[in-house]
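First comes the structure, then the notes that go with it.
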Amino acid sequence: MTTVPIRTVISPGRYVQARGAMARLGEFTAPLGSTPLVVADDTVWGFVEEAVTASFAAAGLPVVREGFAGLATAAEVDRLVDVINATGTDVVLGVGGGNTIDAVKAAGHLAGVRWASVPTVASTDAPTSALSVIYTPDGEFEEYRFFPRNPDLVLLDTQLVANAPVKFLVAGVGDALATWLEARATDRAHATTMAGGLPTATGTALARLSWDLIWENAIPAIEAVKDHVVTPAVEKLVEANTLLSGLGFESGGLAAAHAIHNGLTAAPQTHGLTHGQKVNIGSVTQLVLEGAPLAEIEEFVVFTTRVGLPNTLTEVGLKVSDEADLRRVAEAATVEGETIHNMPFPVTADDVYDALRSIEGLSRRIRAEAGLPEPVAYVAAH
């Protein structure tokens, strides 16, 4: 029987975003289950416990909290499954960053319960998606795990985002900027998206909207968050980083940028970096692979430098002369099944190796001509 190609869009059941939204978490959790489990590390629990406890009490829900080990590994997912089963949980909530949320999604799926994402930072688009990124205990990319549905709820309190270190919001910009670059490549290639079908016009348009909102709002939003205040620019950037980027990457498609991110996790020098910082290196490299117009690359390098994202090897702890490391990155980025094969032309490990090496001199020259600072290693300086 011939399988008919489909176009499809997938999304979370409900998305809630506002300053103070955590105070209504219980209200939106109650329709999903009566025995919730909150998964949060000690740091996050320290500043959300009061609001979660009050909102659950108002909704008549018990408060049961489980800690998190810090990395979404297969072992941590299995541990959380055991906790879910032991506590009789019917809805599990991941409260915190992308690793917590990815581990909770994977555990909720395996345990057969509903799950919700409650990000306390806008650093990735993980909260909305029907997949998890699983890492080895050493922090290297291991696999994507796909689920038959998205989270039932995504709730994001923008005051918590504003209270967090600004580096997390900047990281979210790096992750989200790749969304349009990858979606347009996937569309040109007529490739399959993470949603399991060809791109829809809707998915591609949402990816573009994420891009547009970032370029208009990132710099004022970042300045506002440095002072821990919520402005309209912050609200728009948080939505772009989280909802629009999430919908855009999943239903619009991933391509080279995220594959190169995954490859970079094979280089130990990058393990101190955020997801979005590594993705931004992937975005610059994808532009080089595409043979993008110089003006487009120049605009991207200048903008991401001003935002505070890396666009040179130096900033992610690598050098052009690190041939063995860069070869390992390129090979990992181009393994069978990686999203780099959604590009509208074949890409080999040699192509990625050369493109990665080229961004150092290219970005340095663009930055110098724009009067921007020379690159400094983010691992050491940030």
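Give region 124-168 a look and list any residue that's under 16 Å from residue 224 (Cα atoms) and in contact with a Leu (Cβ under 7 Å, 6 or more places away or on another chain), or say none.
Within region 124-168, 161 is the sole residue that qualifies.
Consider residue 281 against the criteria (1) aliphatic (A, V, I, L, M); (2) within 14 Å of residue 174 (Cβ to Cβ); (3) more than 22 Å from the chain's Cα centre (by Cα): it satisfies all of them except one. Which criterion is unmet?
(3)
In region 256-265, what count of residues is obtained for those that are more than 14 Å from the chain's Cα centre (by Cα) and either over 12 Å from residue 352 (Cβ atoms) or among the polar types (S, T, N, Q) (or both)?
Here the count works out to 1.
Of (1) surrounded by fewer than 20 Cβ atoms within 10 Å (Cβ to Cβ); (2) touching a Gly at 6+ places or on another chain (Cβ under 6 Å), residue 85 satisfies all except one. Which?
So residue 85 meets the others, but not (2).
Among 376, 347, 352, which is the only one that is within 22 Å of the chain's Cα centre (by Cα) and either touching a residue at least 24 places away in the same chain (Cβ under 8 Å) or over 16 Å from residue 283 (Cα atoms) (or both)?
352
For a quick check of your reading: which helices (runs of 4 or more DSSP H) sit entirely within region 313-382 and have at least 3 residues that are in contact with a Pro (Cβ under 8 Å, 6 or more places away or on another chain) and surrounded by 15 or more Cβ atoms within 10 Å (Cβ to Cβ)?
349-369
Given the criterion in contact (Cβ under 8 Å) with a residue 60 or more places away in the chain and not in a loop (DSSP other than H, G, I, E, B), identify the matching residue among 259, 266, 295, 233.
Of the residues listed, the single one that is in contact (Cβ under 8 Å) with a residue 60 or more places away in the chain and not in a loop (DSSP other than H, G, I, E, B) is 259.
So, in region 145-163, how many residues would count as being buried (at least 19 other Cβ atoms within 10 Å of the Cβ) and part of a loop (DSSP other than H, G, I, E, B)?
Residues that pass the stated criteria total 3.
No value in this document is a laboratory result; all are computed from the given coordinates. Predicted, not measured: the structure shown is a model, and the values here were computed from it. So basically every Cβ, Gly included, is an ideal-geometry build from the backbone, and we count neighbours across all protein chains shown.
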